[in-house]
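Notes follow the structure.
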Amino acid sequence: MGLFDTRRRPSRALVQRAVRPSSPLRRSLLDPFVVMFAASVPSSSVAPARARSPVGISDRRARMDNDNARTARPTPTPASRRVARISAHHRAEASRLDVDGVPAAPEPARRAILGGVAATVGAWSLPAIAEEAGVDAPAAPAVPAKGAILVTGANSGVGLSAAKQLAARGETVVLACRTEAKGEDARAAILEKVPDASLLVLKGAGLEMTDLRQVSDYCKAFLDSGIPLDTLILNAGIMAVPLGRTAQGHEMHFGVNHLAHFLVQDSLRGAMRDRAAARGVPGRVVACSSIANMLPGALDVDDLDWRARESRYEKWSAYAASKAENVLLTDEMARTENSQTLVANSFHPGIVTTNLVRYILPELTAEKRDPEAERATPQGRAMSKMGIRDADEGAKTHVWLATSADAGRVSGRFFVDPGLEYPGGATREQLVRAQDWFLVSPTDPLARQLHLPDKFFEWRTEENARKLWMRSAEMTDAFKAA
């Protein structure tokens, strides 16, 4: 297989193309990958990749030199890079400038292969055609009209359902899972329901959220692939697990639900921003939160890793805090990014019986249920009225935020159903219709006198969002892929 595979038949033109044989090194390195890639690329390519040199670090240094020359800004010294990146995020004029230093080069062999394939064949088409074949190279569009949607945790639960529904709408979906094998399993499952789905799985790369180094490697592989990215859905997560720590020592809920996703968006946001600016359509970042974020006193931005409170660790508070952090992440992004190039929103998918509940109600995990069959039973209808959703129902807001034209015009919002912002004046009728009848409406009796539901969101402040962003940047700076 090539770098990724869509399981579609290639066009005849793709199979006929080859690299110029003038360079023996280039030919020996790339020919096998051209053949494998041509067998996997869909006949209707979405976009050509930007070329990346076989040696990734030299490509990045050249690009940084050019950027510095244009902006007349000297490259920060190593000691000042972290401070420069964090402060630049909060300066309106500099929020879109890359002031990071060049990261250490990964394994030469991996970068040579990935960079060579992307530079020669592109992620979506083969623009280089051998002169000997006598075939003229088609003019590649400078700005591809449509890119991909990347979904983290796309192998189960609402992530899998969201990927399936997006693919059914004709979207190209990148299945970002813990391992390549889980991604392939997810692709097979979706293809059973949507035979013509356009699904991408990065070869040899897994998004293991408990280790920032592996998250970084996945982001580097994605950037190397050249896949044009329009929407990033931060969906993967854990819920109410016992006290545990990630490879870097972070509390598990904070590390997986927030910090790993912070690193993903921080590594890919620049490429999304550049693409959005070029094509005139804003990119989208969508974060899956939960109404559990309303749990009073759960968030403590001065003790994100539960070190000071370890003896009093409470798994539900840790989960609730991480879901509040998802909202603060998109709030801060909305505050600092130009909404003409990037919008960011968060949402509550509903009370969904997916694999997240395996520590609480193991009999209700998605692996043990058939949502479609269950929905038709009296018990299934009763659960629906109670506000308990299956994975397909829970994914509807994922899909709306990723594809709706209306969702592309708002930023910094928290939704509990497609188009229904919360608190945001949601009426009792709207909440009942959305199966969120248990939420307090600002129109409920005494709600105004008791300052509800705003009181549940007292943690949602600009100060908390800024502090969380800066501390997250400090924790992930060494791992950022760019």
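The values are calculated or read from the model by the stated rules, or taken from the named source; none is laboratory data. Quick caveat, the model's predicted, so the values are computed rather than measured. Cβ: placed from backbone, ideal geometry, glycine included. Neighbour counts: every protein chain shown. Just the protein is used for accessible areas: all its heavy atoms, side chains included, with ligands, DNA and RNA removed. Shrake-Rupley method; radii C 1.70, N 1.55, O 1.52, S 1.80 Å.
Decide, for the range 191-343, between rounded, prolate and oblate: order the square roots of the alpha carbon gyration tensor eigenvalues as a ≥ b ≥ c, take rounded if a/c falls under 1.5, and otherwise choose prolate if a/b is larger than b/c, else oblate. Judged from the Cα gyration tensor, the range 191-343 comes out prolate (a/c at least 1.5, a/b above b/c).
Taking all protein chains together and a 1.4 Å probe, the residues Met252, Met272 rank Met252, Met272 from largest to smallest accessible area. In the structure shown, the pairs Lys164/Lys396; Lys164/Lys220; Lys193/Lys220 are assessed against 22 Å; a Cα-Cα span above that value is assigned to Lys164/Lys220; Lys193/Lys220.
The order of Glu310, Glu463 by accessible area, most exposed first and with a 1.4 Å probe, is Glu463, Glu310.
Here each label is just a point 7 Å from Cα along the line to Cβ, and for Asp211 and Arg169 those points are 3.4 nm apart. Taking a Cβ cut-off of under 12 Å around Gly255, the surrounding Lys, Arg, Asp and Glu residues balance to a net charge of -4, with basic ones at +1 and acidic ones at -1. Note on Lys315: accessible area is roughly 70 Å² with a 1.4 Å probe, heavy atoms of protein only.
Oblate is the label for the range 383-452, because a/c, from the alpha-carbon gyration tensor with a ≥ b ≥ c as root eigenvalues, is 1.5 or above and a/b does not exceed b/c. In terms of its C-alpha gyration tensor, the range 168-253 has a prolate overall shape, because the principal axis ratio a/c (a ≥ b ≥ c, square roots of the eigenvalues) is not below 1.5 and a/b outweighs b/c.
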